[in-house]
Amino acid sequence: MYLSRFLSLHALWVTVSSVMQHYPSVWGHYDVCKTQIYTEEGKVWDYMACQPEARDMIKYVKVALDPPDITCGDPPETFCAMGNPYMCNNECDASTQELAHPPELMFDLEGRHPSTFWQSTTWKDYPKPLHVNITLSWNKTIELTDNIVITFESGRPDQMILEKSLDYGRTWQPYQYYATDCLDAFHMDPKSVRDLSQHTVLEIICTEEYSTGYMTNSKIIHFEIKDRFAFFAGPRLHNMASLYGQLDTTKKLRDFFTITDLRIRLLRPATGEIYVDEQHLARYFYAISDIRVYGRCKCNLHATGCKEENKRLLCECEHNTTGPDCGKCKKNYQGRPWSPGSYLPIPKGTANICIPSISSIGNCECFGHSNRCSYIELLNTVICVSCKHNTRGQHCELCRLGYFRNASAELDDENVCI
């Protein structure tokens, strides 16, 4: 019995060894994948875990306003000039192109030096709150790689909340609070990202840094992604391997930088003072000229490309995976549970390829001498197991030691080895 087991193991090893001769001694499933890293020379590509290149995600966004009729111009109304809140002879008219300020002007090419911008109605219904929700949707899970930047052409809001969704807008959670007075507005002590650390990087803070009024050099609001990366990758983001290692082992950290939707909740326009001037309500409104969101398609480290198809972003999945985020194994490749790729071990990572289902292995041809196969991940190949009728080999196509090929028998004959 022991001799029989030894001979079976020996035959398996002979088969594996013969197959391995056709593969490199160092095997890496990520050898064809690359990702962008930061070095002294700037951004370069290095071969490691598979992930698409970061890009301007605003190109693929859909925007929705709530209330839907909050954009100025229908009916036409006058508002006060930027930087001069007492010069109130500017007009917003949705029926005239030169005087219209529709939502799409938040994303046009003029960016931070605009003559075009979206604008809300004025605070004509004061003291009723002037609330606006701006929802940005991608219909795709994306991972943020740079700061979110919002450029206002009005004064920056006295109160605002940036929110995120991970389930396509079904539920929301705060990303950051903004206020001229955090304690009064949200019952939170003011903080900045500089007050955080590796251990508190997931803390939701209220900041007073971005809530001043009509100053012309104070138009921009940030949500600082890179400053949070820097807690793990260093001030200049040179040690991205450290960040990737943390993202790999801390699910909540990775989810923090992952979104399907963003929502900008404008709760109180810039007033510039403690009290609202009820005689000049045309001074108070929201106007946004630019929104920047940079990120990459989330593909669970199973794709290097992401394409737009039927106005929707889809990962170009590898490793026998499928789905918009490469989030499951292909049919007939469910030999083990699906798992995302891994950045670890550094630097090449682990692909966690979906392997063929044993019951559906198409190339499990054993000439009738076995009905069992085994997938060897290292070799990305399948071999027959427990060959009968004195056969051995990857396809039970050889004879065991002490047996010889019967020249008069076909390969699928029980008496092929004698």
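The values are calculated or read from the model by the stated rules, or taken from the named source; none is laboratory data. Bear in mind that the values here come from a model prediction, so they are computed numbers and not experimental data. A quick note on method: Cβ atoms are made from the backbone with ideal geometry, for glycine too, and the neighbour counts reach across all protein chains shown. The accessibility values were calculated without ligands, DNA or RNA, using every heavy atom of the protein model including side chains. Shrake-Rupley method; radii C 1.70, N 1.55, O 1.52, S 1.80 Å.
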Inset, instruction - Take region 265-290 and flag every residue that is assigned to a loop (DSSP other than H, G, I, E, B), within 24 Å of Asp66 (Cβ to Cβ) and out of contact with any Leu (no Cβ under 9 Å at 6 or more places or on another chain). - result: Ala270, Thr271, Val276
Inset, instruction - Evaluate the following for Ala100: is it assigned by the TED database to the domain that holds Thr260, over 24 Å from the mean Cα position of the chain (by Cα), hydrophobic (A, V, I, L, M, F, W, C) and closer than 28 Å to Thr258 by Cβ? - result: no
Inset, instruction - Could you please let me know if Leu266 is of a type outside the set (D, E, K, R) and modelled with pLDDT under 95? - result: no
Inset, instruction - Evaluate the following for Leu266: is it closer than 25 Å to Ser165 by Cβ and open to solvent by less than 10 Å² (accessible area, probe 1.4 Å)? - result: yes
Legend entry - Given (1) closer than 30 Å to Glu208 by Cα; (2) open to solvent by less than 10 Å² (accessible area, probe 1.4 Å); (3) out of contact with any Pro (no Cβ under 7 Å at 6 or more places or on another chain), number of the condition Leu313 does not satisfy: (1)
Legend entry - Cβ-Cβ under 6 Å pairs, at least 6 apart or on other chains, region 407-418 side in the same structural domain as Asn390 (by the TED database) and in a loop (DSSP other than H, G, I, E, B), far side loosely packed, with under 13 Cβ neighbours inside 10 Å and not aliphatic (A, V, I, L, M): Ala409/Asn415
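Being assigned to a loop (DSSP other than H, G, I, E, B), touching a Ser or Thr at 6+ places or on another chain (Cβ under 8 Å) and open to solvent by 20 Å² or more (accessible area, probe 1.4 Å): is that true of His238 here?
Yes; evaluated as a whole, the condition is true for this residue.
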Legend entry - Hits in region 366-383 - residues which are surrounded by 13 or more Cβ atoms within 10 Å (Cβ to Cβ), more than 23 Å from His319 (Cα to Cα) and either touching a strand residue (DSSP E or B) at 6+ places or on another chain (Cβ under 6 Å) or modelled with pLDDT under 85 (or both): Cys366, Phe367, His369, Ser370
Inset, instruction - Among the residues of region 51-104, write down those that are open to solvent by 50 Å² or more (accessible area, probe 1.4 Å), part of a loop (DSSP other than H, G, I, E, B) and either of a type in the set (A, V, I, L, M, F, W, C) or within 30 Å of Asn352 (Cα to Cα) (or both). - result: Glu53, Met82, Met87, Ala94
Legend entry - Scan of region 145-160 for residues that are among the polar types (S, T, N, Q) and buried (at least 23 other Cβ atoms within 10 Å of the Cβ), ordered by number: Ser154, Gln159
Inset, instruction - Would you tally the residues in region 122-149 being touching a helix residue (DSSP H, G or I) at 6+ places or on another chain (Cβ under 9 Å) and at negative phi? - result: 15
Inset, instruction - Would you check which residues across region 280-311 are in contact with a strand residue (DSSP E or B) (Cβ under 7 Å, 6 or more places away or on another chain) and modelled with pLDDT under 90 and list them? - result: Thr304
Inset, instruction - Scan region 208-219 and give yes if some residue there is crowded, with 19+ Cβ neighbours inside 10 Å and among the β-branched types (Val, Ile, Thr), otherwise no. - result: no
Inset, instruction - Examine region 314-334 for a residue that is among the aromatic types (Phe, Trp, Tyr), over 13 Å from Cys50 (Cβ atoms) and part of a loop (DSSP other than H, G, I, E, B), and state whether such a residue exists. - result: yes
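Filtering region 338-349 down to residues that are part of a loop (DSSP other than H, G, I, E, B) and under 17 Å from Cys317 (Cβ atoms), which residue is modelled with the lowest pLDDT?
Gly349
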Inset, instruction - Check Gly323, Gly327 and return the single one that is touching a Ser or Thr at 6+ places or on another chain (Cβ under 9 Å), open to solvent by less than 50 Å² (accessible area, probe 1.4 Å), closer than 30 Å to Gln246 by Cα and at pLDDT 90 or above. - result: Gly327
